[in-house]
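**Q** Mind having a look at this structure? Questions to follow.
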Amino acid sequence: MMQQVVLCDADNTLWDTDSVYAKAQEALLSRVEAILDIRNLAHGRLDFVRRYDQALAAKHHLHFRYPPIMLVFGLADGLRGGSPDVAARAALTGHRNSDAISIPLAEQIVADYVGARDKTPGLLPGVEEGLKLAQRRGLGVYMLTEGRIEKQRKIIEIHGLGWAFESVLEVTKTVTQFRRLRERFASASVTVIGDQPDRDIEPALSAGCSAVLIPSRFRPAWHISDSWESATYVASDFSDAIAWITKMPAAI
Ligand SMILES: [Mg+2]
């Protein structure tokens, strides 16, 4: 019987999904700039794309899963001076301010963008070391994913980490779901590891789990926000997270 269970977020906790997205988004911006012949963004290019991306996600019922063709047209408006809000509204209603990008061309851009986004992300620092330590100490490690189970299994396989996980669990990260997992492993201590305070840490704590935050490495280390403080422990990387868990009492 496992005494210590670790429920582990995948994107930006185990592997660097953020870098893959960043590259794909910057390439998308370059494509749109080239077509419009507008190149006025020397700095903050990624930030620019993400403002339009977030404006679309905020307005679309599929949130960040909105059809990416909207981002193509949103960025085109943005490069011509439209605010994220206005550009997102125009993209959502199918209102296009220019014919510079035809629908077939936009679809081609989207195909390349989606291909770039699907590249296999690299492992984050300390992940292999941490997983080996977890195995040596007999921790039961489960990977959590919100609805991309096949893709995540494939990334595990490509990195040769099949040995490291008891299984991959598809969950929505709500208090209810974490509570269900807490009950499933009732005789063990259960710790959630993740990079997002609102998605990983807070619901896990509310469900009676411990929660270790590994802050996104793109955030400066000195910028400790209030929401970090709720985490049971803030780790410097994945192996630090596992090392901390191995020092916890085996059962609560
Ligand atoms: Mg994550």
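The values are calculated or read from the model by the stated rules, or taken from the named source; none is laboratory data. In this text the structure is predicted, and so the values were computed from the model without any measurement. With ideal geometry, Cβ positions are generated from the backbone for all residues, glycine too; neighbour counts draw on all protein chains shown. Ligands, DNA and RNA are stripped out before the accessible areas are found, and what is left, the full protein with its side chains, is counted by its heavy atoms. Shrake-Rupley method; radii C 1.70, N 1.55, O 1.52, S 1.80 Å.
**Q** Once you have the Cα-Cα distance between Val175 and Ser236, take 0.36 nm times their residue separation minus that, and quote the gain in nm to one decimal.
**A** 19.4 nm
**Q** Mind listing the phi-derived Karplus ³J(HN,Hα) values for the stretch 67-84, rounded to whole Hz, using 6.51, -1.76 and 1.60 with θ = phi - 60°, and x for any glycine or proline?
**A** So the J values, rounded to whole Hz, are x, x, 4, 5, 5, 4, 6, x, 5, 4, 5, x, 5, 8, x, x, 5, x.
**Q** A further question follows. Expressed in nm to one decimal, what extension gain is obtained for the pair Asn40 and Leu105 from 0.36 nm per residue of sequence separation less their Cα-Cα distance?
**A** 21.2 nm
**Q** Over the chain, with every protein chain in place, what whole percent of the accessible area is carbon and sulfur at 1.4 Å, could you tell me?
**A** The computed percentage sits at 52.
**Q** Additional query: Nearest 5 is fine: what % of DSSP beta bridges in the chain come out antiparallel, could you say?
**A** 5
**Q** Need one number: nm distance between label points at Ser30 and Leu62, each 7 Å from Cα along Cα→Cβ, rounded to one decimal.
**A** Going from the Ser30 label point to the Leu62 one covers 2.7 nm.
**Q** At what distance in angstrom do the alpha carbon centres of the stretch 191-218 and the stretch 47-66 lie from each other?
**A** Each part reduced to its Cα centre gives a spacing of 23 Å.
**Q** Still on this structure, I have one more. Can you list residues whose amide H is under 5 Å from Asn12's amide H, if they're 5+ apart or on another chain and H is modeled 1.01 Å from N?
**A** Residues meeting the criterion, in which the H sits 1.01 Å from N, are Thr17, Asp18.
**Q** Taking 0.36 nm per residue of sequence separation and subtracting the Cα-Cα distance, how much length would be gained by fully extending the chain between Asp112 and His95, in nm to one decimal?
**A** 3.8 nm
**Q** If amide H atoms are built 1.01 Å from N in the plane of the peptide, which residues on other chains or at least 5 residues away come under 5 Å of the amide H of Ala211?
**A** The list, which skips near neighbours in sequence, is Val192, Thr232, Tyr233.
**Q** Return the subset of Lys173/Lys247; Lys23/Lys119; Lys151/Lys173; Lys59/Lys154; Lys119/Lys151 for which the Cα-Cα distance in this structure is over 20 Å, preserving the input order.
**A** From Lys173/Lys247; Lys23/Lys119; Lys151/Lys173; Lys59/Lys154; Lys119/Lys151, over 20 Å: Lys173/Lys247; Lys59/Lys154.
**Q** Follow-up question, since we're still on this one. Return one whole number: the accessible area per residue of the stretch 103-159 in Å², for a 1.4 Å probe.
**A** Per-residue value: 53 Å².
**Q** Would you tell me the accessible area of Tyr52, worked out with a 1.4 angstrom probe on the heavy atoms of the protein chains, in Å² to the nearest 10?
**A** 10
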